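Below is one structure, written out as structure tokens; comments come after it.
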Number of protein chains: 2
Amino acid sequence: MRSLKLSKAFTLIEPGPVVLVTTHDGKQNNIMTLSWTMVMDFTPKFAITTGPWNYSFRALKKTRECVIAIPTVDMLDKVVGIGTCSGADTDKFTRFGLTPVPGRAVKAPLIQECLANIECRVIDIVKKHDIVVLEAVAAYVDTSRKEKRTVHAVGDGTFIVDGRTLDRRKLMSSKLPAGV
Amino acid sequence: MRSLKLSKAFTLIEPGPVVLVTTHDGKQNNIMTLSWTMVMDFTPKFAITTGPWNYSFRALKKTRECVIAIPTVDMLDKVVGIGTCSGADTDKFTRFGLTPVPGRAVKAPLIQECLANIECRVIDIVKKHDIVVLEAVAAYVDTSRKEKRTVHAVGDGTFIVDGRTLDRRKLMSSKLPAGV
């Protein structure tokens, strides 16, 4: 995995892929599947919606750290599997054959098999709405990977795979942030 | 446009498409392009990140209403155009050849040319983070439309078009909310 400039990290979340969020509660690693994410700034700052109904939330709240990992379409069955069991009784890294890799700034692990990983610190929890506000502190992309297509959850059990990419850089030049 | 059950409305936002948000400030209609959205609940409740830097924010704050319209790939140049000019000096419906259609519960207009439209009420503004929390009150889909592929902004001026859809309904049955 290669380091990615922090000014580009928001481009991993902005298209709205399903993500995996890892935590480390002091004893063990855990992973959750999440589709409820939002870019909030280019700094980069992200929101996720989660709360006490997710086992990972306890570790997130306690450690105020996590990693957002971006899986690709070849990992879809693992992504769905991770989202349909609980860290309360399952070591998800072992069960789904994923490799935890130590991060640089947080204790939550990167996932080696993913296309990209973003180390994040919790900067606020908006309890009223179960929104956790995160700030990215390091980001990585696996540039050697052939499969780069991510998946988008529809929410009804179906998933949309990335298709072709269209370039509108010229038309958008006035709106693009620096460093992307 | 056909009515869509409110319990299915979140499936329009969950995949993370670029959306258009319309407002009506009492005098005129406006539209903004937005990629910073998040599903927060199946009720359905959504978050968007926007603030005083967007001309539409004034109307959103004053009227506490908007419509989230979902454009498709054939509308991409309009979507980018809408995102790179301001309602302060532009009637965007006229300039981009879009047709405002009266909604049922809100004064912000639906966009006839879009694949889907969701009438929303503002239920909270989290000022600290520029997050506007919306509740859907009516939703519609144009079932007669051939082009159904939405686009996902990467944030660097490129856009990913929807590709194929994969079905994991069986694997996910334990997690799917009622009514989808």
request  = Return the long-range amide H neighbours of A:V18 (sequence gap of 5 or more, or a different chain), with a cut-off of under 5 Å between placed amide H atoms.
outcome  = A:V151, A:H152, A:A153
inquiry  = Please list, in order along the stretch A:17-31, the HN-Hα scalar couplings obtained from phi with the Karplus expression 6.51 cos²θ - 1.76 cosθ + 1.60 (θ = phi - 60°), rounded to whole Hz, x for Gly and Pro.
reply    = x, 4, 10, 10, 10, 9, 9, 9, 8, x, 10, 9, 7, 9, 9
remark   = Taking a ≥ b ≥ c as the square roots of the eigenvalues of the Cα gyration tensor, with a/c under 1.5 meaning rounded and otherwise prolate when a/b exceeds b/c and oblate if not, the stretch B:109-177 is rounded
remark   = Any aspartates and glutamates whose Cα falls less than 14 Å from that of A:K128, other than same-chain ones fewer than 8 residues away, would be B:D41, B:D124
request  = Order by neighbour count: A:S173, A:S144, fewest other Cβ atoms within 10 Å first, most last.
outcome  = A:S144, A:S173
request  = May I ask you to report, in nm to one decimal and beginning with the shortest, the distances from A:L176 to the same position in the other copies, taking label points 7 Å along Cα-to-Cβ?
outcome  = 4.1
remark   = Output field shielding_mean for A:75-87 (other chain Cβ, 10 Å radius) holds 2
query = If you put a point 7 Å past Cα along the Cβ direction, how far is that point for B:Q28 from the same point in each other copy, in nm, smallest first?
reply = 6.0
query = Tell me, how many Å apart are the Cα centres for the stretch B:116-172 and for the stretch A:130-165?
reply = 16
message = Only four residue types carry charge here, +1 at the Cβ of Lys and Arg and -1 at the Cβ of Asp and Glu. Report the dipole size of the protein assembly as shown about the Cα centre in Debye, rounded to the nearest 20.
response = 220
Which of B:V39, B:V67, B:P15, positive extreme of dipole for the stretch B:13-84 (C-beta unit charges) = B:V67
task = Between A:T84 and B:K148, with labels modelled 7 Å along Cα→Cβ, what's the label distance in nm to one decimal, could you check?
result = 2.2
ask   = What number, in percent, do you get for the relative contact order of chain A if the mean sequence gap of Cα pairs under 8 Å and at least 6 apart is divided by its residue count?
value = 27
ask   = Based on DSSP H runs of at least 4 residues, each adding -39500 (n - 2.57), what is the mean residue ellipticity at 222 nm of chain A after dividing by all its residues, to the nearest 500 deg cm²/dmol?
value = -3500 deg cm²/dmol
key: Inter-label distance for B:T165 and B:K5, nm, one decimal - labels placed 7 Å from Cα along Cα-to-Cβ   = 1.5
ask   = If you place +1 on the Cβ of every Lys and Arg, -1 on the Cβ of every Asp and Glu, and leave all else neutral, what size is the dipole of chain B about its Cα centre, to the nearest 20 Debye?
value = 520
message = Let me make sure I get this right: for the stretch A:1-137, a, b and c are the square roots of the gyration tensor eigenvalues over alpha carbons, sorted descending. Under 1.5 in a/c it's rounded, otherwise prolate if a/b > b/c, else oblate. Which is it?
response = rounded
key: Integer Hz, Karplus 6.51/-1.76/1.60 couplings in order for the stretch A:147-161, x for Gly and Pro   = 7, 10, 6, 8, 10, 10, 6, 8, x, 10, x, 10, 9, 9, 8
request  = Find, among the residues of chain B, the one whose Cβ sits nearest the axis of the rotation taking B to A; state the distance in whole Å.
outcome  = B:G16, 1
inquiry  = Which residue fluctuates most in the GNM of chain B (Cα springs below 10 Å): B:R145, B:R64, B:R169?
reply    = B:R169
key: For the stretch B:1-31 versus the stretch B:42-56, the gap between their alpha-carbon centres in whole angstrom   = 11
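Order these by the 10 Å Cβ neighbour count, fewest first: B:K128, B:K148.
Values: B:K128 9, B:K148 14.
Fewest-to-most Cβ neighbours within 10 Å comes out as B:K128, B:K148.
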message = At 0.36 nm per residue, and after removing the present C-alpha to C-alpha distance, how many nm does the segment from B:D91 to B:K27 gain when stretched out fully?
response = 21.9 nm
query = Given the stretch B:34-100, what count of lysine pairs have C-alpha atoms under 23 Å apart, with each pair 8 or more places apart or on different chains?
reply = 5
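Values in this text are rule-based calculations from the coordinates and carry no lab data. These numbers were taken from a predicted model, which means no experiment stands behind them. We place every Cβ from the backbone using ideal geometry, glycine too, and count neighbours over all the protein chains shown.
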